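Colleague: Quick one: structure below, then a few questions.
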């Protein structure tokens, strides 16, 4: 099995993510075309754009589920040449899927502590203590022995956030994780969305990491991020602070915020 260098010098001020002229193609279809992006430790970024613009492709590249067709992708200063499953020592990237992606046959405790149980050298009691602490951080108590099917959809989503908080005290003691959230509030009511948006910020802070959120929901973009990147036509069309996002006259952002049919983004036929 191929792997990346086992020891990499990474400064807390070095970029966590570096995309340099990165492209992604499916056959003759160009999804991303020579995009570049730098993300610093501690940042919270929202990637926005219409459906099919390549937002989820960016997340999959960062998660190591895809490799770029050309260009360079660095995570924590290391060029990514292999898929995550081909790396003996993959970067600390934690993906929170739109669907909670819990294993129905495992208890909540087993789901949240799965990776620790599989790869860490710590004992069962310490794993349980870590799991319980992470569940409590997302507002869940006395559910460790329950199965996912016994929980509401909102509780299952919070379990997936607790899983993103799990940190191996032996192998990741100085880790600065990259958290990826794919449409975390899709289909939720406004009150439930607010809870999840607050959890994105809290989870990122508690994990001492940085986060990238893909979302169409304005409240999620504005509450969960500090910086916004607009993608359309395979390119990053705008990049700025959340404050600038709210007031810019950039035609892409203005059309996105207002939902207008008039503008540079052409609606797909439905």
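Computed from the coordinates by the stated procedures, all read-outs in this text should not be read as laboratory data. Since the structure is predicted, the reported quantities are computational estimates derived from the model, not experimental observations. Heads up, the Cβs are rebuilt from the backbone with ideal geometry, glycines too, and the neighbour counts pull from every protein chain shown.
Colleague: What is the calculated FRET efficiency for residue 246 to residue 268, with r their C-beta to C-beta distance and R₀ = 35 Å, to the nearest 0.05?
Modeller: Approximately 0.85, to the nearest 0.05.
Colleague: Going by alpha carbons, how many degrees (0 to 90, nearest 10) lie between the helix axis of 190-206 and the longest principal axis of the chain?
Modeller: Once rounded, one gets 70 degrees.
Colleague: Then there's this: Measure nothing fancy, just the Cα-based angle from helix 153-165's long axis to the longest principal axis of the chain, in degrees from 0 to 90, nearest 10.
Modeller: 80
Colleague: Just subtract the alpha-carbon distance of residue 257 and residue 70 from 0.36 nm times their residue separation and send over the number in nm, one decimal. Walk me through the numbers on the way to the answer.
Modeller: Details: separation 187, 0.36 × 187 = 67.32 nm, distance 3.20 nm.
Here the segment from residue 257 to residue 70 would lengthen by 64.1 nm.
Colleague: List 191, 78 from most exposed to least, where exposure is judged by having the fewest other Cβ atoms within 10 Å.
Modeller: Sorted ascending by nearby Cβ count, the order is 191, 78.
Colleague: Can you give the relative contact order of the chain as a percent, counting alpha carbon pairs under 8 Å and 6+ residues apart?
Modeller: Contact order relative to length: 23 percent.
Colleague: Turning to a different aspect of this structure: How high is the relative contact order of the range 151-229, given as a whole-number percent (alpha carbon pairs under 8 Å, six or more residues apart)?
Modeller: So the answer I get is 35 percent.
Colleague: As a test of the formula, what do you get for the chain when each DSSP H run with n ≥ 4 contributes -39,500 (n - 2.57) and the sum is divided by the residue count, at 222 nm and rounded to the nearest 500 deg cm²/dmol?
Modeller: -9000 deg cm²/dmol
Colleague: Still on this structure, I have one more. Express the relative contact order of the range 99-174 as a whole percentage, based on alpha carbon pairs under 8 Å and six or more residues apart in sequence.
Modeller: So the answer I get is 45 percent.
Colleague: In addition: Calculate how steeply helix 124-137 sits against the longest principal axis of the alpha-carbon atoms of the chain, using the helix alpha-carbon long axis, and give the answer as 0 to 90 degrees to the nearest 10.
Modeller: 40
Colleague: Separate question: Rounded if a/c is under 1.5, else prolate if a/b beats b/c, else oblate: with a ≥ b ≥ c from the C-alpha gyration tensor eigenvalues square-rooted, which is the range 143-250?
Modeller: Cα axes put the range 143-250 in the oblate bin.
Colleague: Right, next: Can you give me the C-alpha center-to-center distance between the range 193-250 and the range 59-86, rounded to a whole angstrom?
Modeller: When both Cα centres are located, 22 Å separates them.
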